[in-house]
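The values are calculated or read from the model by the stated rules, or taken from the named source; none is laboratory data. Because the structure is predicted, anything quoted here is derived from the model rather than measured. We place every Cβ from the backbone using ideal geometry, glycine too, and count neighbours over all the protein chains shown. For accessibility, only protein heavy atoms count, side chains too; no ligands or nucleic acids. Shrake-Rupley method; radii C 1.70, N 1.55, O 1.52, S 1.80 Å.
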Protein chains: 2
Amino acid sequence: MGEPHNPSQQNAIDMAKARSLTAVNVAHVRDFLHTGSAQWRRREQIVDILSKDPVFDKSTRVFATRKELYIRGQALTNRLYELQEIHNWSTQDINLALSCLDDGLPIGLHNVAFEPVFRLQASPELFSKYAGLVASKGIIGCYLQTELAHGTNVNRLETTATYMPETREFEINSPTLTSTKWWIGALGKTATHGVVQAKLVLPGGKDIGPHLFLVQLRSLNDHTVLPGIIIGDIGPKAGNGFASTDNGFARFDHIRVPKLNMLSKFAGVTDDGQYVTPPHAKLSYGGMLYIRSGMVTTAGWTIARGATVAIRYATVRRQGELGADGLERQTITYPSLHVRLVPLIARAYVFIELGRALTRGFESLAKGLSAGDTSQLAEMHVMTSGLKVLVSTTAIQDLETARRSMGGHGYSAFAGVGRTYADYLPAATYEGENFVLDGQVLRAALKAFRGLFTSTSGHSLSPTSQYLRLLRDKNLIPPELDSTSWSHPATAILLLEWRAALLVNESAQTLSEPDATLTQRVSRAVTEAFVAARVGEMIDSLKSALKQREAEVVGKVYLLYLLTTLESSLVDLLSFGLFRATPGHPPRARDPTRSLRVAIAGLCNELAPEAIGLTDAFGFTDWELDSALGVYDGKVYEALWARVQNEPLNQTEVTEAYEPFIKPVMTRGRKLAAKL
Amino acid sequence: MGEPHNPSQQNAIDMAKARSLTAVNVAHVRDFLHTGSAQWRRREQIVDILSKDPVFDKSTRVFATRKELYIRGQALTNRLYELQEIHNWSTQDINLALSCLDDGLPIGLHNVAFEPVFRLQASPELFSKYAGLVASKGIIGCYLQTELAHGTNVNRLETTATYMPETREFEINSPTLTSTKWWIGALGKTATHGVVQAKLVLPGGKDIGPHLFLVQLRSLNDHTVLPGIIIGDIGPKAGNGFASTDNGFARFDHIRVPKLNMLSKFAGVTDDGQYVTPPHAKLSYGGMLYIRSGMVTTAGWTIARGATVAIRYATVRRQGELGADGLERQTITYPSLHVRLVPLIARAYVFIELGRALTRGFESLAKGLSAGDTSQLAEMHVMTSGLKVLVSTTAIQDLETARRSMGGHGYSAFAGVGRTYADYLPAATYEGENFVLDGQVLRAALKAFRGLFTSTSGHSLSPTSQYLRLLRDKNLIPPELDSTSWSHPATAILLLEWRAALLVNESAQTLSEPDATLTQRVSRAVTEAFVAARVGEMIDSLKSALKQREAEVVGKVYLLYLLTTLESSLVDLLSFGLFRATPGHPPRARDPTRSLRVAIAGLCNELAPEAIGLTDAFGFTDWELDSALGVYDGKVYEALWARVQNEPLNQTEVTEAYEPFIKPVMTRGRKLAAKL
């Protein structure tokens, strides 16, 4: 029989071979994804430092309790700032370091939810008092908005901040159990200060609605909770997600804070209790827009993690039919598998690029806002709302696609994708519930649609409503399709714009009798039309960003994004006649969507051999992925074997459960069997 | 300002009112779902005993480590069999008790994976030696098939069982790391025996392919692992799912078992090593079909759990716009929410009923198999393959829909749905990978399709290929649709059958150039046509099973199942012209799917006030659901508050992380701030 085939050694052979067959230069594409080789090298250096530091070791993390994971998170945080001192890291460096961790640290909430709101909305006096402490983490902050019984609708928050002119203070109060602030990241056990969203109540009882107040929560001497405040952690999350973060609750019993502590850059109260109206009601939206604009990039890198693990595993996993080499085929070679996985690469590439553009957009918006300019606010709001829904829904789904593509082993915690999934999952419900956001996108689309017919023809359309130009000219008709259409990005983009336009039109005609799902369809269509146009621009700019071979491959990746977007919109495309059904007697009817599906299958098949290179280019190290199935060298079985040795249940040969529980079951059973 | 509104008290008022407004008699529907009042009462008594027993308390389960959860699982198991003795429970009773637990006990694998295979395939001699011990749990078994590097394709398993005629023994051997048995439920720390799937090798080295052998794994004296075997637990699962189950690994180093231990009812080896061929190659498929046929019922009850929790929460959660009562509206009243949740009830009701029919089908099959009759095997195989994919995919998705419908709080572990999700998730990949099963359904459909034209016209179609009758007669055409079509189940069923028929036809025409997703579409369509026909039968039988009012409401629930199935098949229906697009110049094109969508919205709106009654009828107690958001009395905020008090992080005011980690960060920060 000869030397038996050794699948474990074969793993490494398969992986090395896949790398040698990749056409793209991985380093070039990696620099492109990381905005240049200097930025990449910086990241590589930081990851190297972190991964070699024993504090950041992940080898037994999966066995820890949530409490241990919270404490671990604080140890990582402290070490991060030690390392910052040691290596003289800039703020950009430390943020880069934070972005390389997959532990969801509470300090992230200080940086993302507390500090930006403080910086955008603190009065100059409050700013000068606290800005240094906030920036240097001399105090640790959190942002307290959601209450136990109130989320999306901030106008119904129960927490009050009543102005007391006699002492020039605000009294913060939680009148009921349900007004308890809840879900607040970093509040449970960490933060010393918080920005509290509370209804401003003026002398005489007039309720002015939600405003922000800086409140100290814990003593800076010994971290005890200040009198009159009840604080705690709200407990574990689904799938053990965000275990290191102390999402918390807080209840305030008539706590006083000085008048200075109102975040009153845009709206305030005079000493005697008169309200000073803000110049624009929505100036305070900046904080949430900042978080949402970052979510696109995060979604891209999240999909990238899942794609890297799943594609590495599919490269070395052999299963099913025998291939030309006499061994079972590598699973990546099955069309039914790579047609699921290669599109993940496409979405990761698109979201990473798109997120950068959006962050630049936010920076411009923030500059405007701080000068009181709100002209970009509405557009940015619609854009981030639609994108937040699109990218969060997509990334959650893609992670699960990645996990499921790995079959049984994908369900092992050692695969790592389940952990990423559990941590990413709340993106669907935080920072604006997706269904509520869809409604906001619909409203904006209808407003733009109505403007189309009321304003002069020279009226310019905003970037998110460019697709509406198609409805202006009654002579415009959608493109004719044939099997060559699918190699032209422009055709796909135009179809997606037509879809958005016709859905908005449909929505405008049926407003009085809605059908319960049209809002979601419109929001998705409008957002995908916007993204498609951006992808068109990305394709155009590839030639200047990459060498020819890499530009060609990444161009195909972007095209695949467009085609799979079309595939997922087929109901709309077919409904509105954008995708003509083949005429003919139904029993002989043939599938008009076939040419698109064949084009997708063809592209995935072409790109499958590039999948290893394209995912290597994300640049994840084994330490970052922390996945036995995503190891760089492909030796997945050895990696699984090594990890199970640490399982606590395996530390004794006979389980503690044997004497008290298992033995009695069998003893009873044998007695019963003897009686039979 | 008067007495402030108290949302916490309002919870109970809202829930009581919703119950009072439900039109159906909950007890009647509950008896219907539980196959009669006697069966329901038995279940109620058993749940009452379990929930009052302190061993089955769940109040701190969510904080336990996986090791603690494994030990807890064994304690529950032992207590279950103690209770069986105390209360003189029948086998049916103890199975009922097991089905009421949500801890995923290892003993379940003995019952579902080990015992049925043993009973179906043991020779009479082996059976008489072990049957009593197996039935009474005098030994605890597991079923060892999957290996570290081999899953779906059993023909490539590496483990060997070599017959040694000189001693009349088999030598079980794992030649490589990758041949290690892996994922085996109850193997890690519990089982004493296992049925091992291994390649039978005859003297001279001839490999006969996979066969089954009973192997003792652990000592019956002290539970130590027998010499020559390495056993352990494979570690935690994604999302901390199946934490109580010790999925394990085992490696065999030339272990000997007597010839008797081959499960040789259908195929064996003579004393001198000649192979005795089985009468039918697939006789041994019984075990997997048994597990798969049970999966339909399980999926139904799994969706029922999620639906109950989400609908109770949506009944008491108030958010957003103000309603007629001056309070924010209950979220269940939003069409965008109830259009997502009410269909979950429909799928739970259908799968529960359908699963029962399937289990009866399996019992008839098993009777046939044990007499060597394999005539029903192929049909049952196709049916369970397609259904397994359909129900597992659907239930996973529905649980997540339920969780997400609860907004932020749905992500709390205390909501309970995340736990159910993590435990249910592997259903997508175990017992046949879904994409592989789809391929088997496609092959069977194509075989039936070809038979259509080669055999005589009198050839009768099997239940899973009834839809093919539509292709026989070239004069048959699909139904014309108008807005009244959606009140007729027959129309929906016929459309789904046409869809299956045309997709199979499409598939037969494009075999040489497949498009990578058609297999999944065909499998889904064929299976949904089969289920739709069964739902038609269920609707017909409602009048005899329920009183008029309940029959009407449940009839609408079944109709909703059909309509939402149509909605999810719109791409196919539109592609094949089964759903005619409105003609007209595209910019003026209107959505032809609107009437179906409006019908679904209307049905959901009609059924939303029945949602509490229809989910109460599932009969879950608070102990069973273990969900703060799904409490029967609706006091969700008090339930959340009570649960957070047990959080380990809340047992000290100042966290242990303060001194070593948080304090240094802030101290450093204040020094830095002082320098600014």
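Over all residues in A:73-81, what is the mean tally of Cβ atoms on other chains that come within 10 Å of each residue's Cβ?
Values: counts 2, 10, 4, 1, 5, 9, 3, 1, 7.
The per-residue average across the peptide is 5.
According to the Cα gyration tensor, what semi-axes, each the square root of 5 times an eigenvalue, does the equivalent ellipsoid of the range A:141-278 have, listed from largest to smallest in whole Å?
Values: eigenvalues 141, 53, 30 Å².
Each semi-axis is √(5λ); the values are 27, 16, 12 Å.
Using the crude model of +1 on Lys and Arg Cβ and -1 on Asp and Glu Cβ, and no other charge, please compute the dipole size for the range B:434-622 relative to its Cα centre, in debye to 20. Present the calculation step by step, with values, prior to reporting the outcome.
Numbers: 19 positive and 20 negative charges, 110 e Å.
The calculated dipole for the range B:434-622 is roughly 540 debye.
With the solvent-accessible surface defined on protein heavy atoms using a 1.4 Å probe, which residues belonging to the range B:561-579 display a reduction of at least 40 Å² in accessible area in the multichain context relative to the isolated chain?
SASA drop of 40 Å² or more in the range B:561-579: B:571, B:574, B:575, B:576.
Above 17 angstrom, tally the Cα pairs of the range B:193-268 and express them as a % of all pairs, no decimals. Provide the component values of the computation, followed by the final result.
Details: 1630 of 2850 pairs.
Roughly 57 percent, rounded to a whole number.
Please compute the Kirkwood hydrodynamic radius over the range A:155-230, one decimal place, Å, based on all pairs of different Cα atoms. Each step should come with its number before you reach the end.
Values: mean 1/r = 0.0751 Å⁻¹.
Evaluated on the range A:155-230, it is 13.3 Å.
Work out from phi, with θ = phi - 60° and the Karplus expression 6.51 cos²θ - 1.76 cosθ + 1.60, the ³J(HN,Hα) of each residue of the range A:294-306, listed in order in whole Hz, and give x for Gly and Pro.
x, 5, 5, 4, 4, 4, x, 5, 5, 4, 4, 4, x
Can you work out the Karplus-derived ³J(HN,Hα) for every residue in the range B:473-487? Use 6.51 cos²θ - 1.76 cosθ + 1.60 with θ = phi - 60°, whole Hz, and x for glycine or proline.
9, 5, 8, 5, 10, x, x, 6, 10, 9, 5, 8, 4, 7, 9
What is the list of residues in the range B:199-217 whose amide nitrogen lies under 17 Å from a point 7 angstrom out from the Cα of residue B:443, following Cα to Cβ?
What the label zone holds, given the 17 Å backbone N cut-off, is B:210.
Return the sequence-ordered ³J(HN,Hα) values of the range B:595-605 in whole Hz as given by the Karplus equation 6.51 cos²θ - 1.76 cosθ + 1.60 applied to θ = phi - 60°, using x for Gly and Pro.
5, 5, 5, 5, 4, 5, 4, x, 5, 5, 5
In the protein assembly as shown, what percent of the accessible surface is made up of carbon and sulfur (1.4 Å probe, ligands and nucleic acids excluded)? Write down the numbers at each step before the final one.
Values: 26580 of 49410 Å².
For the protein assembly as shown, the apolar C and S fraction of the accessible surface comes to 54 percent.
With r as the distance between the Cβ atoms of residue B:378 and residue B:275 and R0 = 30 Å, compute the FRET efficiency 1/(1 + (r/R0)^6) and round to 0.05.
Numbers: r = 24 Å, r/R0 = 0.81.
Computed FRET efficiency for residue B:275 and residue B:378 comes out at 0.75.
What residue among A:508, B:215, B:615 has its Cα farthest toward the positive end of the dipole of the protein assembly as shown, where the charges are +1 on Lys, Arg and -1 on Asp, Glu, each on the Cβ?
A:508
Based on the Cβ-Cβ distance from residue A:537 to residue A:675, what FRET efficiency comes out when R0 is 60 Å, to the nearest 0.05? Before the final figure, lay out the partial values.
Working: r = 80 Å, r/R0 = 1.33.
Calculated transfer efficiency: 0.15.
Going by a 1.4 Å probe on protein heavy atoms, which residues of the range A:222-244 end up with at least 20 Å² less accessible surface in the whole assembly than in their chain alone?
A:222, A:223, A:224, A:225, A:233, A:234, A:236, A:237, A:238, A:239
How high is the FRET efficiency between residue B:324 and residue B:37 when r is their beta carbon distance and R₀ equals 41 Å, given to the nearest 0.05?
Details: r = 39 Å, r/R0 = 0.95.
The value I calculate is 0.60.
Of B:224, B:196, B:235, which is farthest on the positive side of the dipole of the range B:114-237, counting Cα position, with +1 on Lys and Arg Cβ, -1 on Asp and Glu Cβ, and the Cα centre as origin?
B:235
Between copies, how far apart are the residue A:482 label points? List them in nm, one decimal, shortest first, with each point 7 Å from Cα toward Cβ, please?
Sorted ascending, the copy-to-copy spacings read 4.1 nm.
Sequence gap at least 6, Cα distance under 8 Å: using those rules, report the relative contact order of chain B to the nearest whole percent. Intermediate values should be presented prior to the final figure.
Working: 1026 pairs, mean separation 109.1, N = 676.
Over chain B, the number comes to 16 percent.
Any chance you could check the Cα centroid distance between the range B:247-267 and the range A:520-549 for me, in angstrom?
Cα centroid to Cα centroid, the span is 58 Å.
May I ask for the Kirkwood hydrodynamic radius of the range A:393-451, worked out over all distinct Cα pairs and given in angstroms to one decimal? The partial results should precede the final answer.
Working: mean 1/r = 0.0739 Å⁻¹.
Result for the range A:393-451 stands at 13.5 Å.
Return an integer: the convex hull volume of the alpha-carbon atoms of the range A:1-138, in Å³ per residue. Can you show the working numbers first?
Working: hull volume 24.2 nm³, N = 138.
For the range A:1-138, the hull spanned by Cα atoms encloses 175 Å³ per residue.
Which order do the peptides A:387-399, B:549-561 come out in when sorted by mean C-beta neighbours inside 10 angstrom, highest first? Walk me through the numbers before you get to the answer.
Details: A:387-399: 24.2, B:549-561: 20.5.
Listed from highest to lowest mean packing, they are A:387-399, B:549-561.
List residues of the range B:480-523, by number, whose backbone nitrogen lies under 20 Å from a label position 7 Å along Cα→C-beta of residue B:544.
B:490
How large is the charge dipole for the range B:141-278, taken about the Cα centre, if only the Cβ atoms of Lys, Arg (+1) and Asp, Glu (-1) carry charge, to the nearest 20 debye? Walk me through the intermediate numbers first.
Working: 12 positive and 12 negative charges, 56 e Å.
Dipole about the Cα centre, nearest 20: 260 debye.
For the range B:22-74, state the average projected area of the convex hull of the C-alpha atoms over all orientations, rounded to one decimal in nm².
Numbers: hull surface 22.3 nm².
So the mean shadow area of the Cα hull is 5.6 nm².
So how much slack lies between residue A:166 and residue A:483, counting 0.36 nm per residue of separation and subtracting their Cα-Cα distance, in nm? All intermediate terms of the calculation are to be shown ahead of the outcome.
On the way: separation 317, 0.36 × 317 = 114.12 nm, distance 7.76 nm.
Length difference between fully extended and current span is 106.4 nm.
Along Cα-to-Cβ, 7 Å out, sits the label point; list in nm, shortest first, how far the one on residue A:568 is from those in the other copies.
1.7
From largest to smallest, what semi-axes in whole angstrom does the protein assembly as shown give when each is the square root of 5 times an eigenvalue of its alpha carbon gyration tensor?
49, 38, 34
Go through A:667, A:541, A:487 and say which Cα lies farthest out towards the positive end of the charge dipole of chain A; charges sit on Cβ, +1 for Lys and Arg, -1 for Asp and Glu.
In chain A, that residue is A:667.
So what's the net charge close to residue A:12: Lys and Arg +1, Asp and Glu -1, counting the other residues with Cβ under 10 Å from its Cβ?
Details: positive: A:17, A:635; negative: A:14, A:633, A:638.
With Lys, Arg at +1 and Asp, Glu at -1, the net is -1.
What net charge is computed for the residues neighbouring residue A:318, neighbours being all others with C-beta under 9 Å from the C-beta of residue A:318, Lys and Arg scored +1, Asp and Glu -1?
Details: positive: A:317, A:329, B:156; negative: A:14, A:328.
Local net charge: +1.
Let me know the charge dipole size of chain A about its Cα centre in debye, to the nearest 20, where only the beta-carbon of Lys, Arg (+1) and Asp, Glu (-1) is charged. Spell out each step's value before the answer.
Working: 70 positive and 67 negative charges, 171 e Å.
Once rounded to the nearest 20, the dipole reads 820 debye.
Kindly give the semi-axes, whole Å and largest first, of the ellipsoid equivalent to chain A, taking each as the square root of 5 times a Cα gyration tensor eigenvalue. Spell out each step's value before the answer.
Details: eigenvalues 374, 288, 121 Å².
Semi-axes from the Cα gyration tensor: 43, 38, 25 Å.
What distance in nm separates the two pseudo spin-label positions at residue A:82 and residue B:129, each 7 Å out from Cα along the beta-carbon direction?
Each label point lies 7 Å from its Cα, and together they span 6.1 nm.
Hey, can you list the residues from the range A:409-430 whose accessible area shrinks by 10 Å² or more with all protein chains present, relative to the chain by itself (probe 1.4 Å, no ligands or nucleic acids)?
A:409, A:411, A:412, A:413, A:414, A:418, A:421, A:425, A:426, A:428, A:429
Taking each residue in B:598-607, count the Cβ atoms of any other chain within 10 Å of its Cβ, then average. What number comes out? Spell out each step's value before the answer.
Values: counts 6, 1, 3, 6, 2, 0, 1, 1, 0, 0.
What the average comes to for B:598-607 is 2.
What does the buried accessible surface come to for B and A, summed over both chains, with the probe at 1.4 Å? Round to 100 Å². Each step should come with its number before you reach the end.
Numbers: alone 31580 and 31570 Å², together 49410 Å².
Using a 1.4 Å probe, the pair buries roughly 13700 Å².
How large is the translational diffusion coefficient of the range A:62-220 in µm² per second when you combine the Kirkwood radius over alpha carbon pairs with Stokes-Einstein at 10 °C and 1.306 mPa s?
Values: Rh = 17.2 Å.
The estimated diffusion coefficient comes to 92 µm²/s.
Counting heavy atoms of the protein chains only and a 1.4 Å probe, report the per residue accessible area for the protein assembly as shown as a whole number of Å².
37 Å²
Which whole number of Å³ per residue matches the convex hull of the alpha-carbon atoms in the range A:434-622?
On the way: hull volume 34.1 nm³, N = 189.
Cα convex hull per residue, to the nearest whole number: 181 Å³.
Which aspartates and glutamates have a Cα lying under 17 Å from the Cα of residue A:189, excluding residues fewer than 8 positions away in the same chain?
Hits, sequence-local ones excluded: A:68, A:103, A:222, A:233, A:246, B:647, B:653, B:656, B:659.
Measuring from a point 7 Å out along Cα→Cβ, what nm distances, shortest first, does residue A:461 have to its partners in the other copies?
Taking the point 7 Å beyond Cα along Cα→Cβ, the inter-copy spacings are 4.7 nm.
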